[in-house]
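First up is the structure itself, then whatever we jot down about it.
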Amino acid sequence: MFAVLKTGGKQYRVKSGDMLRVEKLAADAGEKVQFNEILMVGGDDLVVGAPLVDDAGVQAEVVDQIKGDKLIHYVKRRRKHSSQRKKGHRQQLTLLRVTDILASGAGKSGVKAAVGASALGAPGPKVTMTNKTEEAELAAEVHNAAPEATAEAAPKAEPKKAAPKKAAKTDGADDLKELSGVGPALEKKLHEAGVTTFAQIAAWTEADIAEMDEKLSFKGRIEREGWVEQAKEKTK
């Protein structure tokens, strides 16, 4: 019987008695561990997981914690007065001997699950998982507690302010844009100053025109464009 297991981001095809080197596990020499991520089990019948084979496992004994072959890391920058650097690295590995392949019943075996050493490097409570049942219970507890923790940690969002309403069009107002040189912006200024009809403009005196020029910064536009004369024509 053989199995294909997954650990440390890699896949391995193993059978009972094989010696295997995998990414470092959190286990001491002589301990027995169980791999629960099984992608395929072969024997009398071939079982392919979707993606994992349910309740299957591979048990192995930890022989030793070792280091892999030295890998040379060489960096050189292709520039004038460039720098260069040479570094060596030896990956930490775990040497295992495969003892058993379980097509079923892995969840009740009682053997400690194989956990990568990097997974235990982060601070937090130490958790020892013995089988798939305990893994499922732990995942359920984390899932149930997550919404409450998120609700407490996340600040309450402030309610959105309503967008200011646009001013309604004045009833009975004339379309002042019909005057020469008056666009939407100038019409808005005139409305804000209380001028909404041609009749009001037609009745302006020289003093009124000077006041509007000063108030709205028209700079002689009223006389230059002839608004008063145009307004008188439109009120006839």
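Just checking: which of the helices (runs of 4 or more DSSP H) contained wholly in region 129-232 hold 2 or more residues that are under 30 Å from Ala26 (Cβ atoms), among the hydrophobic types (A, V, I, L, M, F, W, C) and at pLDDT below 75?
By residue number, 132-153.
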Would region 83-101 turn up any residue that is part of a helix (DSSP H, G or I), of a type outside the set (S, T, N, Q), modelled with pLDDT under 90 and over 27 Å from Met19 (Cα atoms)?
no
Give the residue, chosen from Asp55, Asp64, Asp18, Asp28, that is of a type in the set (Asp, Glu) and over 26 Å from Arg90 (Cα atoms).
Asp55
Subset of region 177-214 (residues that are of a type in the set (Phe, Trp, Tyr) and either touching a Leu at 6+ places or on another chain (Cβ under 8 Å) or loosely packed, with under 12 Cβ neighbours inside 10 Å (or both))
Phe198
Within region 23-76, take every residue that is out of contact with any His (no Cβ under 9 Å at 6 or more places or on another chain), more than 15 Å from Val111 (Cα to Cα) and among the β-branched types (Val, Ile, Thr) and give me the one that is surrounded by the fewest Cβ atoms within 10 Å (Cβ to Cβ).
Val75
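The values are calculated or read from the model by the stated rules, or taken from the named source; none is laboratory data. All of these numbers come straight from a predicted model, not from anything done at the bench. Don't worry about glycine lacking a Cβ; one is built from the backbone with ideal geometry, like all the others, and counts go over all protein chains shown.
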